[in-house]
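A.B. asks: I have a structure I would like to understand better, so I am pasting it below and will then ask my questions one at a time.
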Amino acid sequence: MKKVGFLDYRIIYFDIIETVNTKRGIKMDDIIYNSINVLVDLLKEKEISVTELTKLYLKQIERYNPKLNAIVQLNDKVLKKAKEKDDNFEKAIKNEPLFGIPITIKDSIDTAGIITTGGTKGRKYYIPEKDATVVKRLKEAGAIILGKTNTPELTLEYETINEIYGRTNNPYNLNKSPGGSSGGEAAAVATGCSAFGIGSDTAGSIRLPAHFCGISGIKPTKGRVPATGGIIPNDIGIVDELSQYGPLARNIKDLNLIMNILKGPDGSDPNTVPVNWSNPQKININDLKGIYYLDNGIYDLDNEIKESVLKTVKILDDRGIEIIEKKPPMINKTFSLFKRIFSADGWTWKYRLLEKYGSIDNLKENPERAINGIEFNKLIGELQRFRKKNLEFMRDYDFIISPVTAFAARDHGFSYNEKGVIAAFSYTMIYNLLGWPAVVIPINQSKEGLPIGVQIASTPWREDVCLSLAEKLENEFGGWQKSQI
């Protein structure tokens with residue numbers, strides 16, 4: 001394993017065949033941007049080998065990553081794993097839905113044999129012995145790990161920067177942030193450095209980077225995907241109530257395929273529930289009824305964001321899908337409620353983790369006052385009322401269209417330098433509080449050429465509704481667009 005902080009691209013791929021003649025007429029340089037199904041078909045039909053495909057992604061990493069700093073660890077065994085796939089082709093291709101697909105994993109999620117820091121200095125050289133459940137499931141489905149992507153310390157920032165690896169840049173403008181905390185993952189996927197990636201979302205950490213980087217991402221229903229093997233463990237306290245793992249990809253069908261692999265209990269995460277996965281293709285979207293909202297009463301939207309939401313609503317309305325403007329109940333309490341839950345114990349959960357990981361030198365501030373038992377009981381009651389009121393409200397509706405956040409990607413440092421800007425992320429926080437599924441899909445660009453996404457949410461376990469509508473919008477607006485950096 002290479003030294004931390006020096007991403008070594010000298011994995012031998014110079015012998016890559018420069019002319020792969022595919023029956024589909026796909027150019028060599030464009031192969032990597034295709035959907036999982038297309039890639040698997042190319043591999044299945046032996047139009048390209050797993051080794052050749054992996055080398056194409058490594059070549060893309062060499063091209064883009066020096067500008068982005070998105071991938072912070074390469075798997076030095078990736079070509080060995082690719083060759084094993086090729087050598088065992090007949091057996092593997094029949095049983096592995098992700099046969100030979102090269103992917104990346106957020107650095108906060110354990111990968112056996114590959115340094116996993118979680119962005120915190122105490123784990124600078126930490127190599128897990130076991131894979132996180134999501135990684136194990138993806139490997140068993142045939143995926144191979146290219147490397148790990150950057151994240152802020154303990155995943156707790158809205159930008160992607162840490163003291164080990166530094167800052168990740170936005171693939172559409174290097175002077176802009178890719179968002180956080182899955183910013184490294186979003187930047188890698190957006191530039192074709194990975195077929196898809198896995199991130200985590202506690203306050204919008206999948207959806208915000210997807211929006212900033214012009215790709216799609218899903219925060220599943222809380223309890224859909226096990227979080228075993230993450231930087232923030234299941235037993236840390238109430239903050240775990242807010243968090244969920246999920247995939248980021250360049251197209252919606254890939255999200256559906258990946259979720260079908262990730263879902264379900266693992267016998268370790270006590271929050272995971274065995275609920276069937278419903279096929280989005282079986283949804284008749286014209287039977288759906290939804291609402292949309294613009295300003296949530298907490299942080300004002302930029303005009304380009306408003307226009308993008310209204311553009312989305314018009315498309316749905318023009319296609320005969322019933323949708324009206326209406327705000328969910330208590331929405332203006334989202335930010336206050338989230339903030340109080342997150343810091344209810346005075347942030348001691350964070351300090352316990354820093355101590356556990358040997359990063360105690362990073363304690364730059366004193367813990368806030370922890371609330372007492374009576375206050376905590378009232379807070380949980382408030383959260384439950386928030387959830388109850390919104391569930392009752394959604395008896396008449398199937399989905400919600402809303403902004404992802406109040407603006408497109410901002411300059412690096414915005415979340416530290418702009419007073420009160422954290423409240424802008426209340427547009428994603430609401431679905432962490434509720435535990436509901438939410439998908440982000442790119443639908444527009446700002447005047448600066450930055451991606452703009454919208455958020456599609458539904459009630460618990462109805463990811464099929466979100467994904468069905470997202471695929472419709474992807475077809476209408478064109479989805480992901482290639483970066484020009």
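A.B. asks: Which of the following residues is closer than 29 Å to Leu433 by Cβ, in contact with an Asp or Glu (Cβ under 8 Å, 6 or more places away or on another chain) and surrounded by fewer than 24 Cβ atoms within 10 Å (Cβ to Cβ): Lys139, Lys121, Lys106, Lys176?
C.D. replies: On the way: Lys139 fails: closer than 29 Å to Leu433 by Cβ; Lys121 fails: closer than 29 Å to Leu433 by Cβ; Lys106 fails: surrounded by fewer than 24 Cβ atoms within 10 Å (Cβ to Cβ).
Unique residue meeting the criteria: Lys176.
A.B. asks: Has region 362-370 got at least one residue that is crowded, with 16+ Cβ neighbours inside 10 Å, touching a residue at least 12 places away in the same chain (Cβ under 8 Å) and farther than 22 Å from Gly119 by Cβ?
C.D. replies: no
A.B. asks: Here is a list: Ala438, Ala424. Which entry is out of contact with any Ser or Thr (no Cβ under 6 Å at 6 or more places or on another chain) and either modelled with pLDDT under 95 or within 22 Å of Pro328 (Cα to Cα) (or both)? Quick ask: steps written out before the conclusion?
C.D. replies: Working: Ala424 fails: out of contact with any Ser or Thr (no Cβ under 6 Å at 6 or more places or on another chain).
When all the criteria are applied, what remains is Ala438.
A.B. asks: The conditions are (1) surrounded by 14 or more Cβ atoms within 10 Å (Cβ to Cβ); (2) under 21 Å from Leu391 (Cα atoms), and Glu304 fails exactly one of them. Which is it?
C.D. replies: Failed condition: (2).
A.B. asks: If you go through region 429-476, how many residues are under 20 Å from Asn276 (Cβ atoms), surrounded by fewer than 21 Cβ atoms within 10 Å (Cβ to Cβ) and of a type in the set (D, E, K, R)?
C.D. replies: Qualifying residue count for the region: 2.
A.B. asks: Can you pull out every residue in region 317-332 that is in contact with a helix residue (DSSP H, G or I) (Cβ under 7 Å, 6 or more places away or on another chain), under 13 Å from Ile430 (Cβ atoms) and outside any loop (DSSP other than H, G, I, E, B)?
C.D. replies: The initial filter retains those residues of region 317-332 that are in contact with a helix residue (DSSP H, G or I) (Cβ under 7 Å, 6 or more places away or on another chain), namely 320-321, 323, 328-331.
Next, only the ones that are under 13 Å from Ile430 (Cβ atoms) stay: 328-331.
Residue satisfying the conditions is Ile331 alone.
A.B. asks: Filtering region 243-292 down to residues that are touching a Phe, Trp or Tyr at 6+ places or on another chain (Cβ under 7 Å) and part of a strand (DSSP E or B), which residue is surrounded by the most Cβ atoms within 10 Å (Cβ to Cβ)?
C.D. replies: Filtering first and then ranking leaves Leu248.
A.B. asks: Can you go through Ala190, Ala227, Ala249 and tell me which one is over 30 Å from Arg63 (Cα atoms) and touching a helix residue (DSSP H, G or I) at 6+ places or on another chain (Cβ under 8 Å)? Give the steps one after another, and end with the answer.
C.D. replies: Details: Ala190 fails: over 30 Å from Arg63 (Cα atoms); Ala249 fails: over 30 Å from Arg63 (Cα atoms).
Of the residues listed, the single one that is over 30 Å from Arg63 (Cα atoms) and touching a helix residue (DSSP H, G or I) at 6+ places or on another chain (Cβ under 8 Å) is Ala227.
A.B. asks: Sticking with this one: Taking Pro403 as the residue in question, decide whether it is over 26 Å from Pro171 (Cα atoms) and surrounded by 24 or more Cβ atoms within 10 Å (Cβ to Cβ).
C.D. replies: Values: over 26 Å from Pro171 (Cα atoms): no; surrounded by 24 or more Cβ atoms within 10 Å (Cβ to Cβ): yes.
For Pro403, the condition - over 26 Å from Pro171 (Cα atoms) and surrounded by 24 or more Cβ atoms within 10 Å (Cβ to Cβ) - is not met.
A.B. asks: So which pairs qualify, if the first residue must be in region 293-316 and outside any loop (DSSP other than H, G, I, E, B), the second must be basic (Lys, Arg), the Cβ gap must be under 8 Å, and the two must be at least 6 apart or on different chains?
C.D. replies: Taking only residues 6 or more apart or on different chains, the pairs are Glu304/Lys447; Leu316/Lys472.
A.B. asks: Can you spot a residue in region 193-206 that is touching a Cys at 6+ places or on another chain (Cβ under 6 Å), surrounded by 24 or more Cβ atoms within 10 Å (Cβ to Cβ) and hydrophobic (A, V, I, L, M, F, W, C)? I'd like the intermediate steps shown before the answer.
C.D. replies: Going through region 193-206, the residues touching a Cys at 6+ places or on another chain (Cβ under 6 Å) turn out to be none.
No - not one qualifying residue is present in region 193-206.
A.B. asks: Quick one: what pairs do we get from region 456-477, first residue more than 17 Å from Ile315 (Cβ to Cβ), second in a helix (DSSP H, G or I) and modelled with pLDDT of 95 or more, C-beta under 6 Å, 6+ apart or different chains?
C.D. replies: Matching pairs, first to second residue: Ala457/Tyr431; Ser458/Val465; Ser458/Cys466; Thr459/Met394; Asp464/Pro280.
A.B. asks: Right, here's the next one. For region 333-347, which positions are exposed (fewer than 15 other Cβ atoms within 10 Å of the Cβ) and part of a helix (DSSP H, G or I)? Before the answer, list the steps.
C.D. replies: Initially, region 333-347 is screened for residues exposed (fewer than 15 other Cβ atoms within 10 Å of the Cβ), giving 336, 346.
If the condition is that a residue be exposed (fewer than 15 other Cβ atoms within 10 Å of the Cβ) and part of a helix (DSSP H, G or I), then Ser336 is the only one that fits.
A.B. asks: How do the helices (runs of 4 or more DSSP H) wholly within region 23-110 filter down when requiring 3 or more residues that are modelled with pLDDT of 95 or more and more than 18 Å from Gly197 (Cα to Cα): which remain? Can you show your working first?
C.D. replies: Values: elements: 36-44, 50-68, 78-87, 89-95.
The qualifying helices (runs of 4 or more DSSP H) are 36-44, 50-68, 78-87.
A.B. asks: If you don't mind, there's one more thing I want to ask. Hey, among the residues in region 217-242 that are in contact with a Gly (Cβ under 7 Å, 6 or more places away or on another chain) and in a loop (DSSP other than H, G, I, E, B), which one's nearest to Leu98 (Cα to Cα)?
C.D. replies: Only one residue tops the list, namely Val225.
A.B. asks: Follow-up question, since we're still on this one. What pairs come up if the first residue lies in region 92-115 and is more than 12 Å from Ile231 (Cβ to Cβ) and in contact (Cβ under 8 Å) with a residue 60 or more places away in the chain, the second is assigned to a loop (DSSP other than H, G, I, E, B) and not small (Gly, Ala, Ser), and their beta carbons are under 6 Å apart, counting only those six or more places apart or on different chains?
C.D. replies: Going by the 6 Å Cβ cut-off, the qualifying pairs are Ile103/Phe196; Ile114/Asn75; Ile115/Ile127.
A.B. asks: Something else: Among the residues of region 293-301, are any farther than 22 Å from Ile430 by Cα and of a type outside the set (S, T, N, Q)? Full working, then the answer.
C.D. replies: Of all residues in region 293-301, those farther than 22 Å from Ile430 by Cα come to none.
No.
A.B. asks: Among the residues of region 111-156, what is the count of those that are closer than 22 Å to Ala195 by Cβ and not acidic (Asp, Glu)? It would help to see each step written out before you state the result.
C.D. replies: If we filter region 111-156 for residues that are closer than 22 Å to Ala195 by Cβ, which is where we start, we get 111-116, 131-151.
Filter again for not acidic (Asp, Glu), leaving 111-116, 132-139, 141-151.
Number of matching residues: 25.
A.B. asks: Considering only region 313-352, how many residues are within 30 Å of Asn475 (Cα to Cα) and in contact with a Lys or Arg (Cβ under 6 Å, 6 or more places away or on another chain)? Give the derivation first.
C.D. replies: Start the filter on region 313-352 by keeping residues that are within 30 Å of Asn475 (Cα to Cα), which leaves 313-328.
Narrowing further to those that are in contact with a Lys or Arg (Cβ under 6 Å, 6 or more places away or on another chain): 322.
The qualifying residues number 1.
The values are calculated or read from the model by the stated rules, or taken from the named source; none is laboratory data. Predicted model, so just to flag it, every value in this text is computed and none were measured. No Cβ is skipped: glycine too gets one built from the backbone with ideal geometry, and neighbour counts run over all protein chains shown.
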